[in-house]
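Quick notes on the structure that follows.
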There are 2 protein chains.
Amino acid sequence: MAPECGDPWSRSVRTHDLERCRSLPLFANMHAETFRHVTAGAHMQRFPPGTMLLLEGDAVDFLYVLLSGQVELHGTWNDQETVLGILRPVSTFILAAVVLDTDALMSARTLENSEILMIPGDAIRSAMVEDTEFGLAVSRDLAGGFRTMVRAVKNQKLRNAVERLANHLVMLRASDPGVGATVVLRHEKRVLASLLGMTPENLSRAFAALRKQGVTVNGAVVTISNPAALIALAKPDPLIDNHAPFGADIVTPADAEIWSTNSHRAALARSEKRRA
Amino acid sequence: MAPECGDPWSRSVRTHDLERCRSLPLFANMHAETFRHVTAGAHMQRFPPGTMLLLEGDAVDFLYVLLSGQVELHGTWNDQETVLGILRPVSTFILAAVVLDTDALMSARTLENSEILMIPGDAIRSAMVEDTEFGLAVSRDLAGGFRTMVRAVKNQKLRNAVERLANHLVMLRASDPGVGATVVLRHEKRVLASLLGMTPENLSRAFAALRKQGVTVNGAVVTISNPAALIALAKPDPLIDNHAPFGADIVTPADAEIWSTNSHRAALARSEKRRA
DNA sequence: GCCCCGCATTGACAAAGATCAAGTCAGGCT
DNA sequence: AGCCTGACTTGATCTTTGTCAATGCGGGGC
């Protein structure tokens, strides 16, 4: 289902890929044999930016594992589109549709060059039956995904645009292990706007509104001169915002809830280098 | 955690209760022995309307099974409240928190006199390990719940207030086995307003706006004199609205997605036959 | 029966957000 | 280098939604 934009580039699956896959909570405790069986039928593909991996309504034949790059999940209705989530490595996506062997509710599109491991849905479903440990991991992953979406609904219904942006910035700050004066936006602003449920114009104005709280923007670099003021406005809440603390704190591994993402850190470092 | 509002009324668990529980897809294929073990520690309680069963942030010790009455799930932030879902029998709730053994993201409150079976979370979690069939059912239920929440986000972000109301009415019509001229709202209007993500005042105006499409309201009774016009405005979409599209189409049994409700399905099939 | 209280509706107004239209800027291409 | 494209911003305007206030309606309790 890749309509345009050049052929995907298939390549063989390296053991390094499998190791990264294995590092996900979803696969970590799987029996070695089941893991081998599941990945036997998998194949690896590279996609250029802007490739539609999956269209909502399509039957879902694979579980996707994003190993490098960035993928956007979005939904469409009445010629409008809204971004429902953005994935960074290492993450899986559309597990729910695979488990139910049904059609996708979200479309998926690459935002950057991306390497994706595609695991046949059949293999996933039979592994759930054969390997209890994996079955449990699937349940935990889906429970986390459910909670992520509950948070999204609360965020959308209880907060206005400026508050959503403020919390997004607070989240970025919290997830950045480095010092605190600046954060780097991880997506194009128009993508971010859609993710936050507003138009690009309105995102610009929301940034402008946050100048009072000491927020200034320069391209993708946002400097937060008065974190306390920003946080006072944002009122982050653990029951909405899942600030995955890398640095400290335990957070039960099951409660990842970032779809199934685990290791963001690499990408962050990269984007930090180049800045206007 | 039932703060006020009179003592809950505990009573013994009857076999009839267990049978209704068993009818849920979540429990239907469970081994008899596991089911007996799981329900051994369960107890039954009656709650008057307005009782807080669970407060967001609370640790979750039980899986709740609603056997009669009506329960509202809502979220809170910054002194505002929004309804995230409304359950009718027979449904379970907060399975995700039980699976992860963590705190609740949603509060639960009875809207009517309700009978609720409370199953200890430990028993659920150990049953998942011991009974593969049950583990699979849990995964499927959570996958359905995830998809329900994805639909909710799309509904909220892609549609305006009038469109959300129109689709709600179309959904009620589709799920009502009787003839088509009227539907009955299932909740107080202010609850419905919150569920649809608007204020009560705005709900009134949304109803007024639908008069052009032949919608008139009288208390809880809504008459739809021109279904085609209403549907034309609502543009219901199987990827957002989980009711049988008017054409045909089967709903795959796995794709329940109504949290974990089952009882609708029969109604759906019925309404499929008769169509304007 | 009467009184109250809470729900629902309506109108006037205010705030939030979307749309339309320029206009700027940076990066990529020839 | 020069140009072109696409992203971002800003202002003006309109639509949608929320807020505040007043009123009507109806059911439950005394």
Label geometry 7 Å along the beta-carbon vector: A:K235 inter-copy distances in nm: 3.4
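Other chains' Cβ within 10 Å of A:180-187 residues: what's the mean? Don't skip to the answer; put the middle values down first.
Numbers: counts 0, 0, 0, 0, 0, 0, 0, 0.
Mean partner-chain Cβ count within 10 Å for A:180-187: 0.
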Label spacing, shortest first and in nm, from A:V217 to its equivalents in the remaining copies (7 angstrom along Cα→Cβ): 3.7
Sequence-separation-based contact order of segment A:64-106, relative, with Cα cut under 8 Å and 6+ spacing, percent: 41 percent
For segment A:89-102, 3J(HN,Hα) per residue [Karplus equation, 6.51 cos²θ - 1.76 cosθ + 1.60, θ = phi - 60°, Hz, x = Gly/Pro]: x, 9, 9, 9, 9, 6, 4, 4, 5, 5, 4, 8, 6, 9
Exercise: per-residue mean of other protein chain Cβ atoms within 10 Å, A:133-140: 6
Segment A:159-243 - percent relative contact order, Cα under 8 Å, separation 6 or more: 38 percent
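Which whole number gives the average count of other chain Cβ atoms within 10 Å of the Cβ atoms across peptide B:70-78? All intermediate terms of the calculation are to be shown ahead of the outcome.
Numbers: counts 0, 0, 0, 1, 1, 10, 5, 11, 5.
Shielding by partners across B:70-78 averages 4.
From Cα pairs below 8 angstrom and at least 6 apart in sequence, can you work out the relative contact order of segment A:9-156, rounded to a whole percent?
Working: 279 pairs, mean separation 46.7, N = 148.
Result for segment A:9-156 is 32 percent.
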Semi-axes of the equivalent ellipsoid for segment B:9-156, Cα gyration tensor, largest first, Å: 24, 19, 14
Cα→Cβ-extended label distance, 7 Å offset, between B:T223 and B:R205, nm: 2.7 nm
Over segment A:81-186: Rg over Rh, Cα atoms, Kirkwood Rh: 1.02
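Holding the Cα-Cα limit at 30 Å, pick out from A:K189/B:K212; A:K235/B:K154; A:K212/B:K189; A:K235/B:K235 the pairs that are longer than that.
Values: A:K189/B:K212 39 Å; A:K235/B:K154 25 Å; A:K212/B:K189 39 Å; A:K235/B:K235 37 Å.
Checking Cα-Cα distances, A:K189/B:K212; A:K212/B:K189; A:K235/B:K235 exceed 30 Å.
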Copies compared at A:G178 - label distances in nm, ascending, label defined 7 Å from Cα in the Cβ direction: 6.5
Principal axis dimensions, segment A:160-243 - Cα atoms, whole angstrom, descending: 29, 28, 23
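Throughout, read-outs are computed from the coordinates displayed, never taken from laboratory work. Remember, predicted model here, so these are calculated numbers, not experimental data. Quick reminder, even Gly has a Cβ in these numbers, built from the backbone with ideal geometry, and neighbours come from all protein chains shown.
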